[in-house]
1. Tell me, yes or no, whether region A:156-171 has at least one residue that is surrounded by fewer than 17 Cβ atoms within 10 Å (Cβ to Cβ), at pLDDT below 95, part of a helix (DSSP H, G or I) and not small (Gly, Ala, Ser).
2. Could you list, in sequence order, all residues of region A:347-373 that are of a type in the set (Val, Ile, Thr), within 14 Å of chain B (Cβ to nearest Cβ), surrounded by fewer than 24 Cβ atoms within 10 Å (Cβ to Cβ) and not in a loop (DSSP other than H, G, I, E, B)?
3. Under the condition of being surrounded by fewer than 21 Cβ atoms within 10 Å (Cβ to Cβ) and not in a helix (DSSP H, G or I), which residue from region A:45-60 is farthest from the other protein chains (Cβ to nearest Cβ)?
4. On the given criteria, is residue A:182 small (Gly, Ala, Ser), in contact with a Ser or Thr (Cβ under 9 Å, 6 or more places away or on another chain) and either free of Cβ contacts under 8 Å to residues at least 24 places away in the same chain or not in a helix (DSSP H, G or I) (or both)?
5. Kindly indicate which of B:94, B:127 is touching a Pro at 6+ places or on another chain (Cβ under 8 Å), at pLDDT below 95, within 24 Å of residue B:166 (Cα to Cα) and acidic (Asp, Glu).
6. With respect to residue A:322, is the statement that it is free of Cβ contacts under 8 Å to residues at least 24 places away in the same chain, under 21 Å from residue B:134 (Cβ atoms) and within 12 Å of chain B (Cβ to nearest Cβ) true?
7. Across region B:3-27, what is the number of residues that are hydrophobic (A, V, I, L, M, F, W, C) and either touching a His at 6+ places or on another chain (Cβ under 8 Å) or within 12 Å of residue B:68 (Cα to Cα) (or both)?
8. Inspect region A:63-74 for any residue being assigned to a helix (DSSP H, G or I) and farther than 28 Å from residue B:161 by Cα and give the result as yes or no.
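The values are calculated or read from the model by the stated rules, or taken from the named source; none is laboratory data. Keep in mind that what you see is a predicted model, and the values were worked out from it rather than measured. Note that each Cβ is placed from the backbone with ideal geometry, even for glycine, and that neighbours are counted across all protein chains shown.
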Amino acid sequence: MPCSVAALGLDQRTRYALELLFKSKLDGRFLLAEADLADLCIIDLDSYGGRELWAEQAQAQPRRPTVLLSMSEVETAGITHFVRKPMRPQELVTALSAAAAKVRRDLTAAMPRRPAAAEGQARGSGKPVVTNAGAGAAVRSVTPRAVPPSMRVDSGVPPSAAPGRVGLRLAEQDSKTYIGSAPDIDPMDREQAAKAQFDPGAYLIGRLVRAVKLSTEADRPARLELDHGAVTVMPRAGQAVVDLRHYQLRALAGVQLTHARSNVRFVDPVDLRNPTGPEIWPLDALLWTSALLASRGRVPVGTDLNARVKLKRWPNLTRLVVFPNAVRITALLSREPVSLVAAAGVLKIPQRFVFAFFTAASVLDLVEETAAQEDAPASAGVAVRARSRDPSRLGLFRRILSHLRR
Amino acid sequence: MPDHKIIFTGPVGAGKTTAIAAVSDIPAVSTDARASDMTRSMKSSTTVAMDYGLMKLDGGEKVHLYGTPGQERFDFMWSILTEGGLGLVLLLDDSRPDPLGDMEFFLNAFGGFIRKTQLAVGVTKTDLRPRSRLGIYHDRLTRSGMMVPTFEIDARRRSDVILLLEALFFALDPGLEAE
């Protein structure tokens, strides 16, 4: 898997040069990424505000390897590397390779660990490994922390109290946690159809939906209290305060809570401006994520797989967990009513992707059903309409999409 | 070899220049000039000619990215710009006094082009409000008979702009990658 690199304080030309270097000298083992999602970062200290950028990054992600670029010497140690400008490609390659090796070691070390154990270790004190002798910059203590894979999956989901920064694009290999791996079913086979269904009421999503309903009716924030933490929902503000760690939330959302204690009570409005400890999620993002994790490629019990469904509107995909094929499914279901099984057939994707999408979109009240049609779900008619545009442009569109996803 | 183009439009300060730069393979060109009185309070300079970026596809094909001039007095260029375009990205600044009015204006201005191609709407600066107002944009679009991709975006985030463009193309044909 390529190592993602945030290039901070670098102008566009230098970013292009970096991309060229990644391709030509590093066999595509690195790719540029946004700051909050990258495995390591490169910072040009000579750029305007470069040293402040370094300080901010060191504070925000103290365990992330960093490569510093500057015309003047900077003392570094541990996970921070220095390359003098003007840069020689080989020196940058060496620094990047060393930083990437650290990322890989952390990942490997984290593999057998349980998230809770890793979290506990992360809190332990360690020797400072990064010092900055540069004028005006703070000296920071850094403890390299192994990042459990599970937390890496979640890294872009609820990163801060800023509701606008929630969107996460799942790679194919990460999507299994949300979509599962169930094989396609024959909807006419009752046994198979039953396996593709689940009872949302037995999961966290069911309890969240109930809390939202109660809160909406009473027009007061409602707090869902669970054994391991709590979630306060505020439908009027469109937000939720989640008093659970990422891995706890993910684990809870993915298992049946049949015997777990839970209680909903009304609370006073939470001050969203000063959250201490808990995280603020956009409510839609929390419901969408929780629904996907419970669904794992299934639909709520009672769903008629032959009923034709249509989206009422596009979900706000930039602020939700977007799994592979989600955009295509959205586009198809927003055009015309089609059964879930037929949609999978038209798009030539496993049914579990469509089922998971339907479950999450239903929770956000984005789906409307039409009556089942006994002999409707033949996908051919839908496919013809979907391809009714100028066929000579299809290849072009595919090439553009491929280019954008490089 | 034919060249193609995608059009970015929207009011002053909605993020057209930034969005084009986010996906362009060349340094995006912006012909900025000193702003008129109308826009000076929003940006010290604004785009009076057009923004330009380029995607270079494998095989040498080019997709030009054009941002329409931010000031309405340049709207004579819009019909020229859109000729042969693949689709329209409309960026709306949620912090402006009347973003729905802005949307109405651009839907009307580009109505013919939208009917022939496809529209995707990106709403920017949504973090300046306590909660999302995306629903009201959807409602207005629905009343105009349009169900189009409409996302909150941060034009500085390449991933947001890519997702908007992906949605634009899949909205044109959801079966694009069904091979």
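1. The answer is no; no qualifying residue exists.
2. Scanning region A:347-373 gives a single hit, A:367.
3. By that ranking, first place goes to A:46.
4. When the stated conditions are applied, residue A:182 does not pass them.
5. B:127
6. Answer is no for this residue.
7. Total meeting the criteria: 6.
8. no
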